[in-house]
Amino acid sequence: MKFKLITLTLIYAMMPRAAYSNTLDETIINTLPTNPKVLQKINQYNESIEIHNQEKADYLPTIDVSTHLRSDNTKSKNYHSKMNKNDLSVNLHQNIFNGFYTTYQSESLNYQTQASKWSVISIAEDTALNISKVYIHYIEATKLVTLAQNNIDKHNNIYQRIKEKTESGLGSIADLSQIEGRRARAYSNFIAAQNNLADATAEYISVTNEQPYNLQMPKINTHLMPTSLNMAIKLAQKNHPAINSSKSKIKAIHADKKSSYTNFYPNISIELGHNWSDQNYRKSNYKDGSQQEFYAEVELRYNLFNGGKDIYKNKQLAYKIEQEKDSEIDIYHNVTQSTTLSWNAYKYIGQKLGYIHNHVQSAEETQINYEQQFKLGQRSLVDLLDSENESFEAKKDYIHSKNEQIIAYYRILNATGMLLQSFKINALV
């Protein structure tokens with residue numbers, strides 16, 4: 001596991017960077033191996049592997065060595081005795097049959113390990129989606145600050161022109177008052193954009209643990225997109241890691257339930273041993289009390305009554321299976337809803353974008369036409385200001401909608417369990 005995490009980091013470090021820019025792919029590859037939530041799930045997965053290994057150890061025999069060194073010194077009025085005794089024993093114990101308990105427990109732990117693996121993938125998918133969101137939000141906030149700054153520059157230009165006309169007696173005080181109010185609104189919009197950029201920066205640092213620098217807008221690969229909502233839902237129900245984790249948990253409980261029947265079977269084991277008892281462990285000296293013992297025994301144990309504990313445990317696990325099935329149904333509903341909402345957002349924002357783009361183009365053409373008409377005396381500076389405000393709002397709406405469509409695209413990939421695959425990340429666990 002550590003090797004795979006190091007591999008991800010090395011891949012990131014070796015990737016060529018254009019002017020030290022961070023692409024979304026690089027940011028995700030760099031962040032996932034250090035994200036505490038991802039690491040927590042990875043450690044839980046590694047823990048489940050070791051627990052499974054412990055259970056599989058029951059297939060193997062146990063070998064024990066024990067020794068005793070004893071010195072007795074007995075004194076009485078008419079008697080004095082001194083004796084040294086040394087013992088050494090080696091024992092091998094092997095379970096032959098335990099009602100398939102080890103088999104079923106190993107099966108259960110194997111499914112629990114699979115569930116932990118899906119949990120790692122699930123948190124990694126969600127973390128990658130969160131990184132995508134903060135990455136795109138930062139780019140959007142940066143663009144809106146630039147747009148707001150340009151809006152101030154144009155307002156200042158128009159304000160200066162109206163002020164000069166008013167001071168020369170060719171303009172009205174009402175026009176000057178109006179442009180002053182709109183100019184103040186432009187500065188307010190700029191401050192709000194700066195605030196949003198500061199928040200986006202803090203959010204980006206919190207998620208990625210690095211400063212944003214020269215981020216590049218990602219491109220959508222439509223080949224990964226499902227062709228319909230029904231296909232997206234089918235993919236989500238098949239691939240979503242939370243659903244697969246729940247399925248593995250149900251299988252693990254079923255295996256636990258089968259292991260609850262093991263006490264209805266006898267438990268059979270064998271033991272082999274070799275004992276030495278001597279002062280010097282000589283094999284053929286029988287005069288000083290030395291002796292050896294070889295033995296082999298077969299033990300059979302069969303529980304006749306334990307208060308109904310096994311029956312109650314079986315019923316408990318049956319209820320636990322039903323609980324997990326209910327949880328699985330709830331996960332299905334949540335995944336279906338998330339997929340549907342993401343699909344609807346992508347679909348309808350895409351439809352809206354065409355009209356917003358036309359609005360931007362029309363507003364820009366209006367600006368050009370108003371500028372030409374102003375030179376001919378057919379438009380006022382206030383008309384120019386109106387066209388500038390409309391263009392600003394249209395561009396602002398387009399930037400936001402375009403970014404929301406990209407986020408909706410990543411939400412669909414996340415819902416269908418394909419987000420990590422889209423970034424070519426296949427080796428988390």
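Computed from the coordinates by the stated procedures, all read-outs in this text should not be read as laboratory data. Quick caveat, the model's predicted, so the values are computed rather than measured. Note that each Cβ is placed from the backbone with ideal geometry, even for glycine, and that neighbours are counted across all protein chains shown.
Worth pointing out:
- Working from label points 7 Å from Cα in the Cα-to-Cβ sense, the residue 214 to residue 375 distance is 3.9 nm.
- Taking max minus min of the alpha-carbon positions on each principal axis, region 219-329 gives extents of 93, 47, 17 Å, largest first.
- Residue-count net charge about residue 200 - beta-carbon cut-off 13 Å; Lys, Arg +1, Asp, Glu -1: -1
- As a rough footprinting exposure proxy, the listed residues 185, 301 were ranked by other beta carbons within 10 Å of their own, and the order from fewest upward is 301, 185.
- Helix 173-208 vs. the chain, principal-axis angle (Cα, 0 to 90°, nearest 10): 20 degrees
- When you filter the chymotrypsin sites (Phe, Trp or Tyr not before Pro) in region 97-149 for DSSP loop state and at most 16 other Cβ atoms inside 10 Å of their Cβ, you are left with 100.
- Entries of 163/395; 234/395; 234/257; 117/257 with Cα pairs more than 29 Å apart: 234/395; 234/257
- Förster radius 41 Å - calculated FRET efficiency between residue 316 and residue 338 (Cβ-Cβ, nearest 0.05): 0.80
- Efficiency of FRET from Cβ geometry, residue 364 and residue 126, R₀ 35 Å, rounded to 0.05: 0.30
- Theoretical gain in end-to-end length, residue 221 to residue 199 [0.36 nm per residue, Cα-Cα removed]: 5.0 nm
- 15 Å beta-carbon shell around residue 382, net charge (K/R +1, D/E -1): 0
- Our helix-only sum for the chain, with -39,500 (n - 2.57) per DSSP H run of n ≥ 4 divided by its residues, gives a mean residue ellipticity at 222 nm of -23500 deg cm²/dmol.
- Pairs over the 21 Å Cα-Cα cut-off, from the set 143/375; 41/313; 41/247: 143/375; 41/313.
- Cβ-defined net charge surrounding residue 331, 11 Å radius [Lys, Arg +1; Asp, Glu -1]: -1
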